[in-house]
Structures are given as C-alpha cells and as structure tokens.
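Peer 1: Below is one structure. I have some questions about it.
The values are calculated or read from the model by the stated rules, or taken from the named source; none is laboratory data. Since we're looking at a predicted model, the values are computed, not measured. Cβ atoms come from the backbone with ideal geometry, glycine included; neighbour counts cover every protein chain shown. For the accessible areas, the whole protein counts, side chains as well, though only heavy atoms, and no ligand, DNA or RNA atoms are used. Shrake-Rupley method; radii C 1.70, N 1.55, O 1.52, S 1.80 Å.
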Amino acid sequence: MSAVDLHLHSNRSDGVLAPADLVAFVASCGVRLFALTDHDTVDGLEEAAHAARAHGTTLVPGLELSAAWRGRGLHVVGLGVDPTAAPLVRAIEQRTRARRERAERIRDRLDRAGAPGTAAYRVVSAHPLPTRTHFARALVELGVCADPGRAFERWLGRGKPGDVAAEWPDLGATVQAIVAAGGVAVLAHPLRYTLSAGQRRQLAAEFKALGGTALEVAVGGVAPHQVETATGLALRAGLEASAGSDCHDPALPWHRPGRLAKLSSALVPVWRRWEGAHDAAAHA
Ligand code: AMP
Ligand code: MN
Ligand code: MN
Ligand code: MN
C-alpha cells in the first residue's frame, strides 16, 4: 500500500507552501492518498484538487476546525467534506471572525508584555486567517526570537502572554458541521492536549457519542509509546484510526508527509472509504 497522509497544511492557513506546491511535495514523498486540512478554511481545496489530478494522487477534501471542550481549545479534522455545504460555510465564517478578533487581543497582550505586538500584527493581519504561527513567524522576522519554536516558548505557547483563548464553537457543533457537510470527524492529535488520562478517555468517548468517527493515532513526530496510547484510546472508545503528519513546512523533517507509524491491525483505518476512489482513479 502506498503512503497515506490525512493531515497537511498549506499557506491558506499556517503552512508555508501554496496548495499546488504542497501537493507536488506530498507526491514527491510517495504519498498517494492525502487530505489538505487547513485550519478553519477550505480555500486551498480547489487548487489542491487540480494539482492532485496532475500528479495522479487522490485528494480527500478536508479542514481542521478549532473547537472548545470544557473550556479548552481542541482541533477536529473533517475529512471528505463538501466545502460548499451551508453549515460548514457558517462554521468557517464563525471561526474567521473569532480569529480576527483574537489576533487583535494577541497584539494588545504582546504589547503590554513588552513584545512588539503592533508591529507583528501589521504582518499577521494581512493574512485572511491569522494564527499564532503567523505571530511566531512575525516575531522571528522582527528579530525578537531566533525561530518560531522559541517564539512559542517565550510569547505564544501555553500560559504565555499571546496564548489568548478564543471563542471557538463547542465540540458538538463542530462535529455536526462536518457531518452535515457529508464528512467524517476526526479528533486531531489527541495526546497534544493537556489532559489527564481519565479526561482523555472522557473526551474520546464524548467525541464518539457526538458523532465523531476516528481519532488520529499515527501523528507526525510522535514516539512509539504515544502511538500505543492513542491506539488504546481509539479501541476503547470504538473509534476508527487516522494517520497524518500535520506537516506545515517541508524544512521540518520530523513532520515529513507519509512518514508515519503503521497502525495496529486491530484498528479500522478511516481512509478505507477513499482507497477505492484512488484505485479507480489509478486504473481509469
Ligand atoms: P492557533 O490555532 O492560532 O492557536 O495556532 C495554533 C498553531 O500554532 C498550531 O496549529 C501549530 O501549527 C502552531 N503551534 C502550536 N504550538 C506550537 C509550538 N510549541 N511550536 C511551533 N508551533 C506551534
Ligand atoms: Mn497549525
Ligand atoms: Mn492541530
Ligand atoms: Mn494541523
């Protein structure tokens, strides 16, 4: 089986490559079935679909929606969505507004904390969908931090001045928007949230009860024991498994597209529904 990667970002959100360039890069990594999953937007899908046809690869139309659960931010990947479905379009509009408002609050909080928030915001606000990644890159460009990782450590990561909570719609509404658009909801990188093991199990069970289908088990850059933990979490909740690198930048080798742990045979791969489409396209 050729490599699969169901979590990738283009520059329509906080990735660095344009959608067509991302598709070319993903194909060069040997990936034949992939999803573009930009944060809170489907704007890159048309360009990506065009490029996927040119490369003989199969694109699963997707996105990564920001959501709230028990006062925390979570990410839910929607796969196989109709990007024109009205409930999804509304879900995206809500988040676009929330992101723009939050960017202003991040600007003010950074200014008050002694970082050049206003100068960073001038660059960040040019993007239709501002993320903390854009602030991190702007702080690097302004010479405040050596690299984006340090910008998160010092200014934007958990508990830092630029870690501003946004008013994301709740998990149930998020899953519903994806399902109403004909897609399947996948809980993204379940081990990246600061939760106890018990809370994580509650999250997985609740996600399933709300209509979620799968959980990301093979995630870019994670250790084997984390894959095992996520495998147990998926099996216990009766969720299928997804695999995605979460690649934002080809310069970061630990998120190389398609380079992911093999799933336990006990798991049901969420991508089985699109493999036929790939074979049909390949043999047409
Ligand atoms: P936002 O959705 O605006 O809160 O931004 C979250 C994005 O920031 C994530 O999707 C990651 O791409 C990026 N991010 C979060 N934490 C880090 C970190 N410690 N280092 C680098 N990037 C990060
Ligand atoms: Mn991101
Ligand atoms: Mn994410
Ligand atoms: Mn992501």
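Peer 1: In nm², what is the average projected area of the convex hull enclosing the Cα atoms of the stretch 177-223?
Peer 2: Working: hull surface 15.2 nm².
Mean projected area of the Cα convex hull: 3.8 nm².
Peer 1: At 0.36 nm per residue, minus the direct Cα-Cα distance, what do Asp108 and Ser265 gain on full extension? Give it in nm, one decimal, please. Before the final figure, lay out the partial values.
Peer 2: Numbers: separation 157, 0.36 × 157 = 56.52 nm, distance 4.95 nm.
Contour length minus the Cα-Cα distance gives 51.6 nm.
Peer 1: Using 0.36 nm times the number of residues separating Leu252 and Ser125, minus their current alpha carbon distance, what extension gain do you get? Walk me through the numbers before you get to the answer.
Peer 2: Working: separation 127, 0.36 × 127 = 45.72 nm, distance 2.51 nm.
Full-extension gain reported as 43.2 nm.
Peer 1: Here's a follow-up. Would you check the accessible area of Leu252, probe 1.4 Å, heavy atoms only, in square angstrom rounded to 10?
Peer 2: Answer for Leu252: close to 60 Å² accessible.
Peer 1: Now a separate question. Which loop chymotrypsin sites (Phe, Trp or Tyr not before Pro) in the stretch 121-164, with loop taken from DSSP, have no more than 15 other Cβ atoms within 10 angstrom of their Cβ? Write out the running numbers ahead of the final one.
Peer 2: On the way: sites: Tyr121, Phe135, Phe152, Trp155; in loops: none.
Hits after loop and neighbour filter: nothing returned.
Peer 1: When a/c is below 1.5 the answer is rounded, else prolate if a/b is larger than b/c, else oblate, so apply that to the stretch 18-137 with a ≥ b ≥ c taken from the square roots of the Cα gyration tensor eigenvalues.
Peer 2: Taking the square roots of the gyration eigenvalues as a ≥ b ≥ c, the stretch 18-137 is prolate.
Peer 1: For the stretch 96-156, with only Lys/Arg (+1) and Asp/Glu (-1) charged at the beta-carbon, what is the dipole magnitude about the Cα centre, in debye rounded to 20?
Peer 2: Magnitude of the dipole: close to 220 debye.
Peer 1: In what sequence, largest accessible area first, do Glu240, Glu206 appear using a 1.4 Å probe?
Peer 2: If we order Glu240, Glu206 from most to least accessible, we get Glu206, Glu240.
Peer 1: Averaged across orientations, what area in nm² does the convex hull of the alpha carbons in the chain project? Numbers along the way, then the final one.
Peer 2: On the way: hull surface 55.5 nm².
About 13.9 nm², averaged over all directions.
Peer 1: With axes computed from alpha carbons, what is the tilt in degrees of helix 224-237 against the longest principal axis of the chain, rounded to the nearest 10 within 0 to 90?
Peer 2: Tilt relative to the chain: about 70 degrees.
Peer 1: A further question follows. Check Leu63: other-chain or 5+ apart residues with amide H under 5 Å from its amide H, H built from backbone geometry?
Peer 2: Counting only residues 5 or more places away or on other chains, the set is Gly78.
Peer 1: Moving to a separate point now. Hey, if we sort Val144, Val124 by accessible area with the 1.4 Å probe, largest down, what's the order? Walk me through the numbers before you get to the answer.
Peer 2: Values: Val144 60, Val124 5 Å².
Per-residue accessible area, sorted high to low, gives Val144, Val124.
Peer 1: Kindly sort Lys208, Lys262 by accessible area of their heavy atoms, largest first, with the probe set to 1.4 Å. Mind showing how you got there, number by number?
Peer 2: Numbers: Lys208 90, Lys262 185 Å².
Reading off the accessible areas and sorting them downward yields Lys262, Lys208.
Peer 1: Ignoring ligands, DNA and RNA, what percent of the 1.4 Å accessible area of the stretch 96-156 is carbon and sulfur?
Peer 2: Values: 1510 of 3170 Å².
Its accessible area is 48 percent carbon and sulfur atoms.
Peer 1: Please sort by residue number the trypsin sites (Lys or Arg not before Pro) in the stretch 87-175 whose DSSP state is loop and whose Cβ has at most 11 other Cβ atoms within 10 Å.
Peer 2: Working: sites: Arg90, Arg95, Arg97, Arg99, Arg100, Arg102, Arg105, Arg107, Arg109, Arg112, Arg122, Arg132, Arg137, Arg150, Arg154, Arg158; in loops: Arg158.
Those that pass, being in a loop and sparsely packed, are Arg158.
Peer 1: For the chain, what is the charge dipole size about the Cα centre, in debye to the nearest 20, if Lys and Arg each add +1 at the Cβ and Asp and Glu each add -1 at the Cβ? Before the final figure, lay out the partial values.
Peer 2: Details: 32 positive and 29 negative charges, 153 e Å.
That gives the chain a dipole magnitude of about 740 debye.
Peer 1: Same structure, new question: Above 17 Å lies some portion of the pair distances; for the stretch 96-156, what is it as a whole percent of all C-alpha pairs? Each step should come with its number before you reach the end.
Peer 2: Details: 499 of 1830 pairs.
Counting every Cα pair in the stretch 96-156, those more than 17 Å apart make up 27 percent.
Peer 1: Might you tell me the accessible area per residue for the chain, computed with a 1.4 Å probe and given in Å²? Walk me through the numbers on the way to the answer.
Peer 2: Working: 12470 Å² over 284 residues.
Per residue, the chain has an accessible area of 44 Å².
Peer 1: Using a 1.4 Å probe, how large is the accessible area of Glu167, given in Å² and rounded to the nearest 10?
Peer 2: 150 Å²
Peer 1: Answer with one residue from Trp69, Ile92, Leu79: the one whose Cα lies farthest towards the positive end of the charge dipole of the stretch 43-93, charges on Cβ with Lys, Arg +1 and Asp, Glu -1.
Peer 2: Toward the positive end, the furthest listed residue is Trp69.
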